[in-house]
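The values are calculated or read from the model by the stated rules, or taken from the named source; none is laboratory data. Note that the coordinates shown come from a computational prediction; the quantities given were computed from them, not determined experimentally. Every residue, glycine as well, gets a Cβ built from its backbone with ideal geometry; the counts of neighbours run over all protein chains shown. Remember, those area values only see protein heavy atoms, side chains included, never the ligands or the DNA or RNA. Shrake-Rupley method; radii C 1.70, N 1.55, O 1.52, S 1.80 Å.
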Amino acid sequence: MHSSHLLLEEPIRMASILEPSKQSFFPAMTKIVGTLGPNSRSVEVISSCLKAGMSVARIDFSWGDSDYHQETLENLKLAVKSTKKLCAVMLDTVGPELQVVNKSERAISLEADAFVVLTPDKDQDASSQLLPINFDGLAKAVKPGDTIFIGQYLFTGSETTSVWLEVSELKGEDVVCMIKNSATLAGSLFTLHISQIRVELPTLTDADKEAISTWGVRNNIDFLSLSFTRHAEDVRQAREFLSKLGDLQQTQIFAKIENIEGLNHFDEILQEADGIILSRGNLGIDLPPEKVFLFQKAAVYKCNMAGKPAVVTRVVDSMTDNLRPTRAEATDVANAVLDGSDAILLGAETLRGLYPVETISIVGRICAEAEKVYNQDLYFKKTVKYVGEPMTHLEAIASSAVRAAIKVKASVIIVFTSSGRAARLIAKYRPMMPVLSVVIPRLKTNQLRWSFTGAFEARQSLIVRGLFPMLADPRHPAESTSATNESVLKVALEHGKASGVIKSHDRVVICQKVGDSSVVKIIELED
């Protein structure tokens, strides 16, 4: 790749490397999604996670029941109230995940060069010679020589609990495998991954539908993470399902790409989905390791140009057990930011890791350092070129607001929005300063009762890089008189000052609707 294409500001002063990292109200422009679980579900730990920089809480239905997750969510609500930090909720589906059924949960030792049988007979007890699995069609899906990986759920790669198997023969519905490395399967949940093989199971399972229509509806989930998305049709079906569930028609669907099939249909999936999660854990098994970085760069670029959030997973696996990331992991986080990622998703590190708060804090600090050297100028030119001409009205306003903010060195961009679309468009151009999205609630009715929209839109911007929402007073409609606009602006500026992002004599760029027109204006603050 030619050096001029590096999204990195040159030159970096060596002295700046030795400057201590500064703490600010926004730890980083890049967002952090934290998975809440056994080690991160108390009010105290969640509060610390929010203060450290977590803005989206991921609830993973691959394990635990609805009551367990409800308890976690109630604790999150208490933490949000006490810290006054907004947090969105993401429900992660199980999807067509293959699992080892170990009812006794006893540890199972597997020896290299021995043989083990994978059977769909779930009534059998798991042992060193026999592993029951939750899928009847394995013998039809594989052939001798295929590779099967079994690992602890959200395996980090450093455990001695992961095993590689090679299919040696098929006996009816059973699959006989040779064990390639010695390992001990210990823990509550083990998953199977078969390299580059299609599993004939629905993407949205009956169990997923049940969880969404009960737990999801009760808690008004902001995001649905659609595991193992393989086709655009998967997203369309999920959207149709959500459309019948009242408020969940507003829920955004993030397609989780975790195998070759999803990769092959990436462009169509991106068109249908609201955002993309690059699940590098499973992708790293499905793809040769040397290809993973290529997919990440290509996929994140496509998401950036489409103006849809890109979320990268599995960046600091070693922090599940260690207080500091490896040098390679720290570099990996920074490269995800330089590639253009909107958010970093933490799985095992916060779910069962020993240091959930420290992990969020360190990832935030690495992101902030990478953002300082992000080549915004080059990125802006590429985005404008990609959009082409003639631009839509909104696109022209958004790019102009960012260009003006950079030229006058504004400390913040304030955008008034009701759907959140204008704010997301501004964030798409990756300004170097935070975008304060003032969400103006709209009144709506279902003929039985009146309600305000706005909370969904505000929380959904918590996964977009550089976007920081605040909910305006519903008595101040955005498009009305200049007097009410001024009062909402006053509240936004005070919020910015309290957050430490706006100081006296700073310049601020404001993007708002006046009548039928959208305007960008620059103001300079007095003492």
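State whether one or more residues within the stretch 118-130 are in a loop (DSSP other than H, G, I, E, B), surrounded by 18 or more Cβ atoms within 10 Å (Cβ to Cβ) and not polar (S, T, N, Q).
Yes: one or more hits.
Evaluate the stretch 156-163: report whether one residue or more is modelled with pLDDT under 90 and either farther than 18 Å from A348 by Cβ or among the acidic types (D, E) (or both).
Taking every residue of the stretch 156-163 in turn, at least one turns out to be modelled with pLDDT under 90 and either farther than 18 Å from A348 by Cβ or among the acidic types (D, E) (or both).
If we keep just the residues of the stretch 37-50 that are under 23 Å from L467 (Cα atoms) and touching a residue at least 60 places away in the same chain (Cβ under 8 Å), which is most open to solvent (accessible area, probe 1.4 Å)?
In this case the residue turns out to be S48.
Scan the stretch 57-104 residue by residue and report those that are assigned to a helix (DSSP H, G or I) and closer than 29 Å to D136 by Cβ.
S66, Y68, H69, listed by residue number.
Being under 26 Å from I253 (Cα atoms) and at pLDDT below 95 narrows it down to one of D60, D123, so name that one.
D60
What are the pairs with Cβ atoms under 8 angstrom where one residue, in the stretch 133-157, is farther than 24 Å from G187 by Cβ and the other, located anywhere, is aliphatic (A, V, I, L, M) and crowded, with 22+ Cβ neighbours inside 10 Å? Sequence gap at least six, or different chains.
A139/V175; A141/I194; V142/I148; V142/V175; V142/I194; D146/I194
Just give me the residues in the stretch 207-222 being farther than 21 Å from R459 by Cβ and not aliphatic (A, V, I, L, M), in sequence order.
Answer for the stretch 207-222, where residues must be farther than 21 Å from R459 by Cβ and not aliphatic (A, V, I, L, M): D208, K209, E210.
Could you please give the count of residues in the stretch 168-201 that are modelled with pLDDT of 90 or more and either buried (at least 19 other Cβ atoms within 10 Å of the Cβ) or within 25 Å of the chain's Cα centre (by Cα) (or both)?
3
Here is a check on your reading of the model: is I269 assigned to a helix (DSSP H, G or I) and either modelled with pLDDT under 95 or open to solvent by less than 40 Å² (accessible area, probe 1.4 Å) (or both)?
yes
Pairs under 8 Å by beta carbon, first residue closer than 21 Å to V337 by Cβ in the stretch 379-397, partner at pLDDT 90 or above and open to solvent by 70 Å² or more (accessible area, probe 1.4 Å), six or more apart or different chains?
F380/R403
Give the residues of the stretch 298-334 that are part of a helix (DSSP H, G or I), touching a residue at least 40 places away in the same chain (Cβ under 8 Å) and closer than 28 Å to N264 by Cβ, sorted by residue number.
A299, V300, N304, M305, D317, listed by residue number.
Just to confirm my filter: which helices (runs of 4 or more DSSP H) fall fully inside the stretch 335-406 and include at least 2 residues that are open to solvent by 10 Å² or more (accessible area, probe 1.4 Å), farther than 18 Å from K302 by Cβ and at pLDDT below 95?
Result: 356-372.
So E233 passes all but one of these: (1) closer than 20 Å to F61 by Cα; (2) modelled with pLDDT of 95 or more; (3) open to solvent by 10 Å² or more (accessible area, probe 1.4 Å); (4) not aromatic (F, W, Y). Which condition number does it fail?
(1)
If we keep just the residues of the stretch 236-260 that are of a type in the set (S, T, N, Q) and in contact (Cβ under 8 Å) with a residue 24 or more places away in the chain, which is least open to solvent (accessible area, probe 1.4 Å)?
So the residue we want is T251.
Considering only the stretch 198-218, I want to know if a residue exists there that is assigned to a strand (DSSP E or B) and not aromatic (F, W, Y).
Looking for residues that are assigned to a strand (DSSP E or B) and not aromatic (F, W, Y), one finds none in the stretch 198-218, hence no.
Kindly indicate which of L278, L263 is surrounded by fewer than 22 Cβ atoms within 10 Å (Cβ to Cβ) and under 18 Å from the mean Cα position of the chain (by Cα).
L263
Mind listing whichever residues of the stretch 51-93 are hydroxyl-bearing (S, T, Y) and without any contact (Cβ under 8 Å) to a residue 24 or more places away in the chain?
Y68
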